[in-house]
Amino acid sequence: MLVSGKEILLDAHKKGYAVGAFNVNNMEIVQAIIEAAKETNSPVILQASQGGLKYAGVEYIAAMAKVAAETAKVPVAIHLDHGTDFVQIMKCIRNGFTSVMIDGSKYPLEENIAITKKVVEIAHAVGVSVEAELGKIGGTEDDITVDERDATFTDPDEAERFVKETGVDYLAIAIGTAHGPYKGEPKLDFDRLKVIKERLNMPIVLHGSSGVPEESIKKAVSLGVNKINIDTDIRMAFNKGVREFVENNPDVYDPRKILGPAREEMKKVIIEKMIMFGSAGRA
Ligand code: G3H
Ligand code: 13P
Ligand code: ZN
Ligand code: NA
């Protein structure tokens, strides 16, 4: 069932659980996610990055995600991940996305507010939900000091003002997670999360969630995270599935036989996440 992102995340916010937002780039990933959602009776968010849309085409991603949503009884939202281009955000809305992210986190506060506000005004007019980002979520390649790390974290005062002025539906915050795999164990600023959640009282988004230990994920959910972005862990499962099959069956060249096991590997990982996040059984 295709629904808005807000519908899914407001329920999660009210009841205190989180929903996985899984990055999709091809049919097998979409199928792995939707099968996992059906099996665990979990609401789910299918999201595509600008890179994903460039690879597959926005029309293909939208069409596949819509088929997945319409053939499932569980609530499904289709979301643009890290949108930075106004025209592309409009294209996603036109193609039936029910949620978009406008990522203005690299701009100074005033500018981030201005571009986010513009997207919110248009998206809300047509029933599409909006995610924005405040603070800077790292890449694991970024070699930064602890002080620099803290300076990039989301400031609670700024967050309060940002939400009030933009009218955004959910906010991605920087509390120490990073995109991609981690070198060591990520140290999350749970006190900051707690303060931000109390002050905003709205759905909170955690990016870079692949590689974050189960205990930290569960603590983050208990403190108010409601949308958890996962990409790298799915990529790794895909890679494992393909590699194992190809290494064990060097003479097989049928793409269905090669990608089938990868789809199963991804589904297993996604089911684990849905249980971990607390979305299983909530549909
Ligand atoms: O946040 C980034 C996501 O993992 C998407 O990555 O831009 O390589 O598709 P990508
Ligand atoms: P990971 O690749 O670390 O799971 O991050 C995904 C993400 O935040 C997508 O927006
Ligand atoms: Zn992200
Ligand atoms: Na990560």
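Please calculate the 1.4 Å probe accessible area of M276, with all protein chains present, and give it to the nearest 10 Å².
30
With all protein chains present and a 1.4 Å probe, how do D191, D157, D254, D150 order by accessible area, largest first? Each step should come with its number before you reach the end.
On the way: D191 115, D157 95, D254 30, D150 70 Å².
The ordering from most to least exposed comes out as D191, D157, D150, D254.
Which net charge results when you count Lys and Arg as +1 and Asp and Glu as -1 among the other residues whose beta-carbon is under 9 Å from that of G104?
-2
Answer rounded, prolate or oblate for the chain, using the Cα gyration tensor with square roots of eigenvalues a ≥ b ≥ c: rounded when a/c is under 1.5, else prolate when a/b is larger than b/c, else oblate.
Prolate, because a/c is 1.5 or more and a/b exceeds b/c.
Angle between the Cα long axis of helix 109-125 and the longest principal axis of the chain, 0 to 90 degrees, nearest 10?
Helix 109-125 sits roughly 60 degrees off the main axis of the chain.
So what's the net charge close to T40: Lys and Arg +1, Asp and Glu -1, counting the other residues with Cβ under 14 Å from its Cβ?
+3
Between K118 and N249, take the C-beta separation as r, use R0 = 45 Å, and let me know the FRET efficiency to the nearest 0.05.
The formula returns an efficiency of 0.30 here.
Using DSSP to define loop residues, name the chymotrypsin sites (Phe, Trp or Tyr not before Pro) in region 172-258 whose beta-carbon has at most 11 other beta-carbon atoms within 10 Å.
Passing both the DSSP loop test and the Cβ count: Y253.
Give me the net charge of A63's neighbourhood, meaning all other residues with Cβ under 14 Å from the Cβ of A63; Lys, Arg count +1, Asp, Glu -1. If you can, show how the numbers build up before the last one.
Numbers: positive: K66, K91, R94; negative: E59, E70.
Once positives and negatives cancel, what remains is +1.
Have a look at V76, V44, V120 and tell me which one the Gaussian network model of the chain (Cα, springs below 10 Å) gives the largest fluctuation.
Of V76, V44, V120, the most mobile in the Gaussian network model is V120.
Only Cα pairs within less than 10 Å get springs; with that Gaussian network setup on the chain, which residue of A114, A37, A132 has the largest fluctuation?
A114
What is the Cα centroid distance between region 242-277 and region 47-108, reported in whole angstrom?
Centre-to-centre distance over Cα atoms comes out at 25 Å.
Please give the helix 27-40 orientation as an angle from the longest Cα principal axis of the chain, in degrees from 0 to 90, rounded to the nearest 10.
80
List, in order, the whole-Hz ³J(HN,Hα) value for each residue of region 163-176 obtained from phi through the Karplus relation with A = 6.51, B = -1.76, C = 1.60 and θ = phi - 60°; use x for Gly and Pro.
Here the 3J(HN,Hα) series is 5, 4, 7, 9, x, 5, 8, 8, 10, 7, 10, 9, 9, x Hz.
On C-alpha positions alone, give me the angle between the axis of helix 232-248 and the longest principal axis of the chain, in degrees, nearest 10.
Between the helix axis and the principal axis of the chain, the angle is about 10 degrees.
For the chain, what is the accessible area per residue in Å², given a 1.4 Å probe and the full set of protein chains?
46
The values are calculated or read from the model by the stated rules, or taken from the named source; none is laboratory data. All figures in this text were calculated on a predicted structure; none of them were measured in a lab. Methodologically, a virtual Cβ is constructed for each residue, glycine included, from the backbone with ideal geometry; neighbour enumeration extends over all protein chains shown. Keep in mind that these areas ignore ligands, DNA and RNA; they rest on the heavy atoms of the full protein, side chains included. Shrake-Rupley method; radii C 1.70, N 1.55, O 1.52, S 1.80 Å.
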